[in-house]
Amino acid sequence: MKQSLQLRTSQHLALTPQLQQSIRLLQLSTLELHQELEQLLTDNPLLERLDDPLDHSLRLLGDGAINQQAPAGDAPAEGPPGEVPAADADNYEAPGADTESTTPDADIDWGDAGRSKNSDDEDARPQLEAHHCTLRDHLMEQMRVTVLEMRDRALVELIIDALDENGYLEESLDDIHARLPEELEVEIEELQTALKLLQSFDPIGVGARNAAECLAIQIKRLPGVPLVTRRMALAIVENHLTWFAQRDFNKLKKALLCDDEDLREAQTVIRQCNPHPGAAFASDVSDYVVPDVIVKKSRNGWQVSLNNDVMPRLRVNAMYANLLKQGKGEGAMGAQLQEAKWLIKNMRQRFDTILRVAQAIVERQKNFFSHGAVAMRPLVLREIADTLGLHESTISRVTTQKYMLTPHGMFELKYFFGSHVATEAGGEASSTAIRALIVQLTGAEDPKNPLSDSKIADMLGEQGMVIARRTVAKYREALKIPPVSLRKSL
């Protein structure tokens, strides 16, 4: 074969660095966005942030408390508070500060910028988080004032170190005794005595080896319980705890030779106990979600607005921009300038896309905002994508880890999308609305005769929703609603 060179022209999609950054910023959550922004601010000296996300008491923009003077020769940017300003290609700056002031030519005393307006707060100190008291610290403090002998203290501390986060002793005393050095001459009876002493500490039930023992310890120490009721409650937790958990009241009444009233009183006593006495000392940190958009009711209907608190205010550094204009900057600064302008533009595009998607969602889910989850209509990503002229993948990125604050609570944007179920009238019902109806039906049921999954399916069918029993069971499990046997009560 003869070799030859040929030229061909073809079209293909290329992701420019600017487009790649735009896609990345769009899919980040609010927390991830601020983390990414902090790294970009560190790497690029031409980029400035005018707001401090860690100090909400200092407002440089929008509230008129502190007015920042624009650099000489540069026009101030106009736009609503919270809007991410775009870069000005002529002066290399995207000013984000509002310059309205009663004294526009007054200089700013930045030494007082971080102080509160109230003189009473001048000497205020930052509030530090209180020291977290763990379960071990709580038990050790009681041991120091209760146990005097050093040997007994060592044995009690040994058992305390073997407790889990719920306050249970999962390791047996024989195993603890087996790993002690023989030269200490510790008897198993001494460990049993130390365990009994630990079980007398607060919280009540700590040091138990299982749930039955934990509940029994608490029942024995509950005040004001009649002797007959206390004995029956102890018999239930020590011998028939499985039946009690399964709510098999018929077997319990037959085994205890009691009637409904006696069993109901014993059940009330058991429910006063805490099966996890050490859980109150857990160091779980609460996670807070900050909304990206806020929905409020107005005269003209439901209004959607961006949350200004999560919108960073960015601009190009004026000093470096002037150096580049005068031709005194290095070559690398030109690339950094372009990166800064790209970031400001992509940031504006990110929030603009989020707002457009949120407005389209609210427009199609008006009934939800007016009547709640039972009025949710079926919605898919393609419907929003076709309306806004965007790709489905873009809508998916926008609705992931973005949250909307509504009068009904905080919801992720993906919450408003769901599958549909056919109705007898030929229409469609949202799966979210069906879940809300299941919650309503189970919440209003008779505790002595709760609704089965088949009965719930029949009741939904009476409302025109064709749904199978197994679908009801799937939705009920997703809502963490117990089955009918566990919802039954005396």
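The values are calculated or read from the model by the stated rules, or taken from the named source; none is laboratory data. What you see is a predicted model; the values in this text were computed from it and never measured. Glycine gets a Cβ as well: all are built from the backbone with ideal geometry, and neighbour counts include every protein chain shown. Heads up: the accessible areas ignore ligands, DNA and RNA and are worked out on the full protein's heavy atoms, side chains in. Shrake-Rupley method; radii C 1.70, N 1.55, O 1.52, S 1.80 Å.
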Qualifying residue in the range 351-370 (condition: in a helix (DSSP H, G or I), of a type in the set (A, V, I, L, M) and within 19 Å of the chain's Cα centre (by Cα)): no
Hits in the range 204-225 (condition: outside any helix (DSSP H, G or I), touching a helix residue (DSSP H, G or I) at 6+ places or on another chain (Cβ under 8 Å) and either open to solvent by 20 Å² or more (accessible area, probe 1.4 Å) or over 15 Å from residue 274 (Cα atoms) (or both)): 204, 222, 225
All positions within the range 240-261 that are assigned to a helix (DSSP H, G or I), surrounded by 13 or more Cβ atoms within 10 Å (Cβ to Cβ) and free of Cβ contacts under 8 Å to residues at least 60 places away in the same chain: 241, 243, 244, 251, 252, 253, 255, 256
Matching option when the condition is modelled with pLDDT of 90 or more, farther than 30 Å from residue 236 by Cβ and surrounded by 20 or more Cβ atoms within 10 Å (Cβ to Cβ), among 365, 359: 365
Tally, over the range 371-414, of residues that are open to solvent by 70 Å² or more (accessible area, probe 1.4 Å), within 24 Å of residue 438 (Cα to Cα) and in a helix (DSSP H, G or I): 2
Subset tally (residues that are in contact with a Leu (Cβ under 9 Å, 6 or more places away or on another chain) and either assigned to a helix (DSSP H, G or I) or among the β-branched types (Val, Ile, Thr) (or both)) for the range 175-196: 10
Residue ID - surrounded by the fewest Cβ atoms within 10 Å (Cβ to Cβ), chosen from residues in the range 472-482 that are without any contact (Cβ under 8 Å) to a residue 24 or more places away in the chain and of a type outside the set (Asp, Glu): 480
The range 152-182 - residue that is in contact (Cβ under 8 Å) with a residue 24 or more places away in the chain and open to solvent by 60 Å² or more (accessible area, probe 1.4 Å) and, of those, nearest to residue 214 (Cα to Cα): 170
Options 462, 383; residue that is acidic (Asp, Glu) and either over 26 Å from residue 487 (Cα atoms) or in contact with a helix residue (DSSP H, G or I) (Cβ under 9 Å, 6 or more places away or on another chain) (or both): 383
Selected residue (criterion: least open to solvent (accessible area, probe 1.4 Å)) from residues of the range 434-459 that are of a type in the set (Lys, Arg) and closer than 22 Å to residue 249 by Cβ: 455
Residue in the range 281-299 that is under 30 Å from residue 214 (Cβ atoms), open to solvent by 40 Å² or more (accessible area, probe 1.4 Å), at pLDDT below 90 and not in a loop (DSSP other than H, G, I, E, B) present: yes
